[in-house]
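Below: one structure, written as structure tokens.
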Amino acid sequence: MNYKISVIIPCYNAESTLKRCIDSVINQTFGFENIELILYDDASTDSTKTMIEYYAKQYDNIVPIYSTKNSGFPVRGRNKGIEIATADYIMFMDNDDEYDLNVCEFFYNELKNTNADLISCGKFNLDNITSEYTPTSPDGKKRININKEDIIYFEDRFIWNKIYKRSILIENDILFPEGKYAEDLYFTILYLQQCNSLIDVPDYNGYIRHVQEDSISRTWDLKDLTTIIGVDQMIYSKISDNKNIDFSRLYKKEIGILLYKLYSLHLLKDKSEVITYLKHLYDFEKEISFDGTLDTSIQDMANKLLLKKKFSLCYYYLKLVEKVYDSSILRKLYRNVN
């Protein structure tokens, strides 16, 4: 059968969330018969594999893949999914999230009406602050057509709230780098570089993320953030020959995130290690000749101290920000949550 969309979901120890995730694909208004669902089990140790087997027996359009060795990252499942997908269009999903029931129909109709190379929509975060999802409809929402020269700077670089053309991925050999955090950043920027047209509908929340902010499922450390800087350098090495790219504009969001994670994930415990990390970030900013202003005043102030090589002062400033960030009341006001 010729499927219209291939949905790729890497799975690992997801027994508590996988049913919700899969059901949100099965129940799409688009019609599940039009969807090829690729489920990659990364050698789970719980009942995830059994759940996938159950669904695969019920539906011919569910394609199960079982790894015998855990890779530690969702990348391998996504890359394998791209390799075997048969539909012209590809979507990604994490095994603890869910789709709005209209999202596949919305994406497909937009592609058929516009032939854009990439369609993106909004996402809704369910966490300890915002605990209830209110469905939205794509009808009547404003479509933003991104100019070709601005596509590379598109700041929404998450992969789950988008639909991709498989032909662009295959023709340009665009895959996720294995064994790296921020693999979606690498994938997205390389894809954006190949796009001639992009439509964004940010007010339609087509993707629902289940975020556990206060019980982070994986422990981050400064080594992880240093690895992310390494991914940024990988991207730069791929596209640095393009003289039309303003690299300060391209990287300002990522630099802000790298500073944000220091205080939001409580990584400021060891001053000497943090300063070593800040120096690494400083070296990267010098490599790309960064001279931009970051989006938030908190991160911009930290970066100004960093670029002046005032590493100790930058550290103490971030420690102060960390104390403010820990207040859920202030965070709620900052995020303008009703």
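The values are calculated or read from the model by the stated rules, or taken from the named source; none is laboratory data. Just so we're clear, the structure is a prediction, and the values are computed from it rather than from any experiment. Note: ideal-geometry Cβ built from the backbone for every residue, glycine included; neighbour counts use all protein chains shown. To get the accessible areas, we keep the full protein, side chains included, count just its heavy atoms, and leave off ligands, DNA and RNA. Shrake-Rupley method; radii C 1.70, N 1.55, O 1.52, S 1.80 Å.
Give or take rounding to whole Å, what are the principal axis extents of the alpha carbon atoms in segment 97-214, in descending order?
Extents along the principal axes: 40, 39, 22 Å.
When only the heavy atoms of the protein chains count and the probe is 1.4 Å, how do Lys243, Lys19 rank by accessible area, highest first?
Details: Lys243 170, Lys19 115 Å².
Descending order: Lys243, Lys19.
Quick one: grab Rg to one decimal and Dmax as a whole number for segment 1-68, Cα atoms only, in Å.
Just the Cα atoms of segment 1-68 yield Rg and Dmax of 11.5, 35 Å.
Between Asp127 and Lys286, what FRET efficiency comes out of the Förster formula 1/(1 + (r/R0)^6) with R0 = 30 Å and r the beta carbon distance, rounded to 0.05? All intermediate terms of the calculation are to be shown ahead of the outcome.
Numbers: r = 36 Å, r/R0 = 1.19.
The value I calculate is 0.25.
Out of the GluC sites (Glu not before Pro) in segment 183-257, which ones are loop residues according to DSSP with at most 13 other C-beta atoms within 10 Å? Could the numbers behind the result be given before it?
On the way: sites: Glu183, Glu213, Glu254; in loops: Glu213.
In loop regions of segment 183-257 (DSSP not H, G, I, E or B), the sparsely surrounded GluC sites (Glu not before Pro) are Glu213.
Would you calculate the separation in nanometres between label points at Ser297 and Lys271, each defined as 7 Å from the Cα along the Cα-to-beta-carbon direction?
Computed distance between label sites Ser297 and Lys271 equals 2.7 nm.
Residues of the chain: accessible area per residue at 1.4 Å, in Å²?
Per-residue accessible area for the chain comes out at 48 Å².
Of the heavy-atom accessible surface of segment 14-112 (probe 1.4 angstrom), what whole percent is carbon and sulfur? Show your work: numbers first, answer last.
Details: 1840 of 4140 Å².
Taking all protein chains in place, segment 14-112 shows 44 percent carbon and sulfur surface.
Over the chain, what is the relative contact order in whole percent, taking alpha-carbon pairs under 8 Å and six or more residues apart? Intermediate results must be reported in sequence, preceding the final value.
Working: 535 pairs, mean separation 55.4, N = 338.
Taking the mean separation of contacting Cα pairs over the length of the chain, I get 16 percent.
Along the charge dipole of segment 129-198, which of Phe154, Tyr164, Gly140 sits closest to the positive end, that is, farthest toward it, with unit charges on the beta carbon of Lys, Arg, Asp and Glu (+1, +1, -1, -1)?
The Cα lying farthest towards the positive end belongs to Gly140.
Please sort by residue number the trypsin sites (Lys or Arg not before Pro) in segment 110-197 whose DSSP state is loop and whose Cβ has at most 10 other Cβ atoms within 10 Å.
Values: sites: Lys112, Lys123, Lys141, Lys142, Arg143, Lys148, Arg157, Lys162, Lys165, Arg166, Lys180; in loops: Lys141, Lys142, Arg143, Arg157, Lys180.
Those that pass, being in a loop and sparsely packed, are Lys142.
If packing is taken as the mean number of other Cβ atoms within 10 Å per residue, what is the order of 98-107, 85-94, highest first?
On the way: 98-107: 22.1, 85-94: 20.2.
Per-residue Cβ counts within 10 Å, averaged per peptide and sorted highest first, yield 98-107, 85-94.
Just the Kirkwood number for segment 1-134, please: inverse of mean 1/r across all distinct Cα pairs, in Å, one decimal. Mind dumping the intermediate values first?
Working: mean 1/r = 0.0648 Å⁻¹.
So the Kirkwood estimate lands at 15.4 Å.
Determine Rg/Rh for segment 240-325; Rg is computed over alpha-carbon atoms and Rh is the Kirkwood hydrodynamic estimate from the same atoms. It would help to have the intermediate numbers written out before the result.
Values: Rg = 12.9 Å, Rh = 13.1 Å.
Taking Rh as the inverse mean 1/r over Cα pairs, Rg/Rh reads 0.98.
Round to the nearest 0.05 the FRET efficiency obtained for Ser16 and Lys261 when R0 = 30 Å and r is the Cβ-Cβ distance.
Values: r = 26 Å, r/R0 = 0.87.
The value I calculate is 0.70.
Consider all pairwise Cα distances in segment 74-131 and report the whole-number % of them above 19 Å.
Values: 766 of 1653 pairs.
Of the Cα pairs, 46 percent sit more than 19 Å apart.
May I ask you to evaluate 6.51 cos²θ - 1.76 cosθ + 1.60, the Karplus curve with θ = phi - 60°, for each residue of segment 184-200 and list the ³J(HN,Hα) values in order in whole Hz, giving x for glycine and proline?
Running phi through 6.51 cos²θ - 1.76 cosθ + 1.60 with θ = phi - 60° gives 5, 4, 4, 4, 5, 5, 5, 5, 4, 5, 9, 8, 9, 8, 8, 10, 10 Hz.
Tell me the Kirkwood hydrodynamic radius of the chain in angstroms, computed as one over the mean inverse distance between distinct C-alpha pairs.
Every distinct Cα pair counted, the radius reaches 21.3 Å.
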